[in-house]
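Just so it is clear, none of the values below were taken in a lab; they were calculated from the coordinates. Model, not experiment: these values are computed from the prediction. Positions of Cβ are backbone-derived with ideal geometry, glycine not excepted, and every protein chain shown enters the neighbour counts.
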Amino acid sequence: MTTIAMSPDPVVPRDRAPFPPIPFGRLVSVELRKCFDTRAGFWLMASIGITALLATGAVLLWAPDDEQVYSSFAAAIGIPMTVILPIIAVLSVTSEWSQRNGLTSFTLVPNRNRVIAAKGAVTLGIAIVSMLVAMAIGAVGNVAGSAILGIDPVWDATFTDLSLIVLAQTLGMFVGFMLGVVIRHSAGAIVAYFVYSFVLTGLTQLLAETQQWFRDIQQWVDFNYAQSALFNGSLTSTQWAHLGVTSVIWLVIPMALGLWALMRSEVK
Amino acid sequence: MITVESLTKTYGGFRAVDDVTFTARPGRVTGFLGPNGAGKSTSMRVMVGLTPATSGHTTVCGRSFADLPNPGREVGVLLDASAQHAGRTGREILTIAQRTMGLPRTRVEEMLDLVSLTPSEADRRVRNYSLGMRQRLGIGTALIGDPDVLILDEPANGLDPAGIRWMRDLLRGYADQGATVLLSSHLLHEIEVIADDLVVIGNGRIVAQGTKAELLASAGTLVRTRDVPGLSAALTAAGVANTESSAMGGRDTLRVEAEAEVVGTIALDARIALLELRAAEGAGLEEMFLELTADNQREITAADQGEAA
Ligand SMILES: Nc1ncnc2c1ncn2[C@@H]1O[C@H](COP(=O)(O)OP(=O)(O)OP(=O)(O)O)[C@@H](O)[C@H]1O
Ligand SMILES: [Mg+2]
């Protein structure tokens, strides 16, 4: 157009091909990187392996001889995992707010759901990989323990047992993730997780012991209680139903509300 | 190109941004000027989708920011240089941006060079950065995608004089290549030297906008007299807008929206002696800024209030 040639600014806008959308896989790889690229993050991840080693060592040293079996190692390693994994999940979400780098993250990817989904994918990956690592460390411990005793190692945990434990840990991790999304503050979400998983467990137990009405519905409303079945090796279909219903109440609904609020919130 | 249309943002009953409309054009540096709390940062956050607007809307490159497929490649944003994970190194922060945008790895080193962060500084954690280093890193993050639009909130904050000079030349260069540059400031001098267009905002409302030349030209005439009330009354009676001005230091000056000749004639008819009469543009943008935002100023002195009463 001639008007352009005549305009006082002889500036030709650069002709650039339209940019393709950012692929989801790239977001996942960036979020994974963000879990490791600070000292705190790195040591938190490393602590998965470190505490698994410590727990294994503790079983080797202090467990009675007849308990030098694989399930002892698996149980011992599971304890630190129930604390560390949810904290990792909480921080992966809340650091965007507590450290305020969300200002950059959410301008580079304005669809906040995609960022959160990428974090969710990383969380799931970390849950599975770290449980595999922990179980491998436990297996080495079991071999070492039985070698010390001079007996054949006892593998008393089936693949199903282990899978259910991985599922339980993953659910715990996603409770942390959900609390991160809802609370969006590191300390607040971590405290909330501990209240949920330790204080609340005690309270519901007390309530179930004293109140008949609660005992009747507990299986359908108490997520912690429903999850405890996962550590017993197998679930009846009713128990699966309990798990499904309680996870909708405790995980799916709060997560949906949290995401709804997060999408509309102001990042500053 | 950035367009802002009837943008309003309220917090409870408080209107932080009130019906703001303006356009930042390609090839030009647009200065977004206003006193503290005027609503500059809030407007900019709305432009990049971090704060939802109460009403009105904004577009960048002809689209709503949220619809840009890879915003970092088209819009460089710096809102708050301190808003970074304190535990990451500067290089890591650039690497995250480079990866997210899908840029070649070499861009990270190029940006470190551009913003003059040395390799050892780049490997330091951001918690140990000085304010100016953070600002440089923030500018690097904004520019890494080679965008055509820049939205920078007080980019000169914390930079030393050489750094400010460097940034000015850098932004000028970008605009000369056709980029749209929007930068905010509450420091007039900073904006005066670099901006082509100005949007002046006070208490959430736009109080003036236009090219720098237009705004300077419209600054009118300064006239000094011992009979300020008399001259003011005469001017007002003649239908000529005038306000008291402190541009010449004392309290004996009026700024008048008319040519010097018109003012001189009115004064002659009113038999008021003038001490000085000249075009106001020499008074510079500072005067204009203070005058335009006078109603919105926090610093209303006791004397002003006494006189107003
Ligand atoms: N979440 C909020 N709740 C209430 N008021 C808010 C909120 N966010 C911003 N404000 C108010 O909105 C107004 C505009 O703030 P903003 O940060 O946009 O100002 P600014 O022009 O950037 O000022 P400065 O030059 O100091 O950076 C201020 O009065 C501020 O207190
Ligand atoms: Mg501001």
(message) Output the 0 to 90 degree angle, nearest 10, between the alpha-carbon long axis of helix A:237-247 and the longest principal axis computed from the alpha carbons of chain A.
(response) 40 degrees
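Taking 0.36 nm per intervening residue step and subtracting the Cα-Cα distance, what contour gain separates residue B:19 from residue B:169 on full extension? Don't jump to the answer; show the numbers that get you there.
Values: separation 150, 0.36 × 150 = 54.00 nm, distance 3.25 nm.
Working it through step by step, the gained length comes to 50.7 nm.
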(request) Report P(r) for the stretch B:133-282: all Cα-Cα distances, bin width 10 Å, range 0 to the bin holding the largest distance, values in whole percent. (result) 10, 31, 23, 18, 13, 5, 0
(request) Can you quote the Å³ per residue value for the convex hull of the Cα atoms in the stretch B:1-45, rounded to an integer? (result) 67 Å³
(message) Residue by residue through B:63-75, how many Cβ atoms from other chains fall within 10 Å of the Cβ on average?
(response) 4
(request) Filter the cross-link list B:9/B:212; B:9/B:40; A:268/B:212; A:268/B:40 down to pairs whose alpha-carbon distance in this structure exceeds 22 Å. (result) B:9/B:212; A:268/B:212
(message) Under a Cβ-only charge scheme (Lys and Arg +1, Asp and Glu -1), can you give me the dipole magnitude of the protein assembly as shown about the Cα centre, in debye to the nearest 20?
(response) 820 debye
(request) Could you tally the net charge around residue B:133, taking each other residue with its Cβ under 9 Å from the Cβ of residue B:133, Lys/Arg +1 and Asp/Glu -1? (result) +2
(request) Relative to the longest principal axis of the C-alpha atoms of chain A, give the angle of the C-alpha long axis of helix A:112-149, reported between 0 and 90° and rounded to the nearest 10°. (result) 30 degrees
(message) In whole Hz and in residue order, list the ³J(HN,Hα) couplings for the stretch A:39-49 that follow from phi through the Karplus curve 6.51 cos²θ - 1.76 cosθ + 1.60, θ = phi - 60°; x for Gly and Pro.
(response) 4, 4, x, 4, 6, 5, 5, 5, 5, 4, x
(message) Explain nothing, just compute: Karplus ³J(HN,Hα) = 6.51 cos²θ - 1.76 cosθ + 1.60, θ = phi - 60°, for every residue of the stretch A:23-30 in order, whole Hz, x for Gly and Pro.
(response) x, 4, x, 5, 4, 4, 5, 5
(request) Considering the options B:129, B:280, B:43, tell which one lies farthest towards the positive end of the dipole of chain B, charges being +1 on Lys and Arg and -1 on Asp and Glu at the Cβ, about the Cα centre. (result) B:129
(request) Would you mind ranking A:146, A:228 so that the residue whose beta carbon has the fewest other beta carbons within 10 Å leads the list? (result) A:228, A:146
(request) Note the angle between two axes, namely the Cα long axis of helix A:212-221 and the longest principal axis of the Cα atoms of chain A, as a number of degrees from 0 to 90, rounded to the nearest 10. (result) 50 degrees
(request) Stick to Cα atoms and the Kirkwood definition of Rh, then tell me Rg/Rh for the protein assembly as shown. (result) 1.14
(message) Can you give the Rg/Rh ratio of the stretch B:95-170, where Rg is from the C-alpha atoms and Rh is the Kirkwood radius?
(response) 0.94
(request) Report the percentage of all Cα-Cα pairs in the stretch B:2-211 whose separation exceeds 31 Å, rounded to a whole percent. (result) 16 percent
(request) Answer rounded, prolate or oblate for the stretch B:56-108, using the Cα gyration tensor with square roots of eigenvalues a ≥ b ≥ c: rounded when a/c is under 1.5, else prolate when a/b is larger than b/c, else oblate. (result) oblate
(message) Can you give me the Rg/Rh ratio for the stretch B:1-109, using Cα atoms for both radii and the Kirkwood formula for Rh?
(response) 1.01
(message) On the Cα set of the stretch A:110-268, report Rg and Dmax in Å, please.
(response) 18.8, 63
(message) Residue by residue through the stretch B:69-75, what is 3J(HN,Hα) from phi via Karplus (6.51 cos²θ - 1.76 cosθ + 1.60, θ = phi - 60°)? Round to whole Hz and write x for glycine and proline.
(response) x, 9, x, x, 7, 10, 10
(request) First select every other residue whose beta carbon is under 12 angstrom from the beta carbon of residue A:23; then total the charges, Lys and Arg +1, Asp and Glu -1. (result) +3
(message) Viscosity 0.692 mPa s, temperature 37 °C: give me the Stokes-Einstein translational D for chain A in µm²/s, with Rh taken as the Kirkwood radius over C-alpha pairs.
(response) 156 µm²/s
(request) Find how many whole Å separate the alpha carbon centroid of the stretch A:73-118 from the alpha carbon centroid of the stretch B:1-76. (result) 30 Å
(request) Would you compute the Debye intensity of the stretch A:34-81 from its alpha-carbon atoms alone, equal scatterers and no solvent, and pass along log10 I(q)/I(0) at q = 0.25, 0.26, 0.33 Å⁻¹ to two decimals? (result) -0.82, -0.86, -1.13
(request) Using just the helices of chain B, give the 222 nm mean residue ellipticity in deg cm²/dmol: DSSP H runs with n ≥ 4 each add -39,500 (n - 2.57), and the total is spread over all residues, rounded to 500. (result) -10500 deg cm²/dmol
(request) Give, as a single signed number, the net charge of other residues whose beta carbon lies under 11 Å from the beta carbon of residue B:31, with Lys and Arg counted +1 and Asp and Glu -1. (result) -1
(message) Helix-only mean residue ellipticity at 222 nm, chain A, DSSP H runs n ≥ 4 weighted -39,500 (n - 2.57), per residue, nearest 500. What is it?
(response) -24500 deg cm²/dmol
